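Beneath this line is the structure, given in structure tokens, with notes to follow.
All of the numbers you see were taken from the coordinates with simple rules; none came from a lab. This one's a predicted model, so the numbers in the text were calculated from it and none came from an experiment. In this analysis, Cβ positions are derived from the backbone assuming ideal geometry, glycine residues included, and neighbour counts consider all displayed protein chains.
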Amino acid sequence: MAMLMMMRRGGYTNKDAVDNLIHYVTRTRRNEDRGDELVAWGGMGVGCYGGPELAITQIRYVQDCYGIEARGGRRMFHEVLCIRDEEFGWLAHSYGAAYQIGMGCAGYYYSMGFQVVFAVHHPKHKQPDSSIANKWVHIHFAVNTINFRDGRKWHTSFRENYARERAFNDIMGDLCGLGRRHLYLPVHKQACGWAGTAG
């Protein structure tokens, strides 16, 4: 089962939170030293055709329209879906499939009324002392906390996090043809055309 982790380092409350997080996940920071990890990025509710700067502008616009300066608090949520090596094998080691999972999961946030930028990463150099998110193919989600439909702020609970993780695993299971029960049944590795080689 792919694991969804909420990144809690930093509160994402400062004025630069949107810029910093989106530049981080899209690996477009000034003096970026991990740009080779980025496989692809996209989003929903933002114009990705204009690059990260347009996405940042559009998210900040929604926040400004609903008065985030006066309200304060968290500006962005940062979550990471970690795809185990075995699961990446079920996807035939396809970065295109990982991108489709990212797009499907982004649709989950967007359907609730939240803009999201996602990025698929695959570290080239695995470091034994790094976190789980840095060892496997993983998908970052930078989510606006302000609902673009009604201006409400997103708050989440452990139960909602778990439900989101299950929904994301269902998206992955549907994509590789294992269906929604793949989390609970023994899986034959060739179910998704797993050939044991990176593609």
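Given labels modelled 7 Å from the Cα in the Cβ direction, how far is it in nm from A167 to R152?
If labels sit at A167 and R152, their model points lie 1.3 nm apart.
Please give the charge dipole size of the range 50-131, origin at the Cα centre, charges +1 on K and R Cβ atoms and -1 on D and E Cβ atoms. Round to the nearest 20 debye.
Dipole of the range 50-131, to the nearest 20 debye: 160 debye.
Rounded, prolate or oblate: which one fits the range 1-86, using the alpha carbon gyration tensor with axes a ≥ b ≥ c (rounded when a/c is under 1.5, else prolate when a/b beats b/c, else oblate)?
prolate
At 7 Å along the Cα-to-beta-carbon direction for both D174 and R34, put a label point, then send me their distance in nm to one decimal.
3.0
Give the peptides 17-26, 72-81 in descending order of average Cβ contacts within 10 Å, highest first.
Ranked from most to least packed, the peptides come out as 17-26, 72-81.
When a/c reaches 1.5 or more, the comparison of a/b and b/c decides; with that in mind, is the range 46-97 rounded, prolate or oblate per its Cα gyration tensor?
Because a/c hits 1.5 or more and a/b fails to exceed b/c, the range 46-97 counts as oblate.
Placing +1 at every Lys and Arg Cβ and -1 at every Asp and Glu Cβ, with all other atoms neutral, what dipole size does the range 1-73 have around its Cα centre, in debye to the nearest 20?
With Lys and Arg at +1 and Asp and Glu at -1, about 220 debye.
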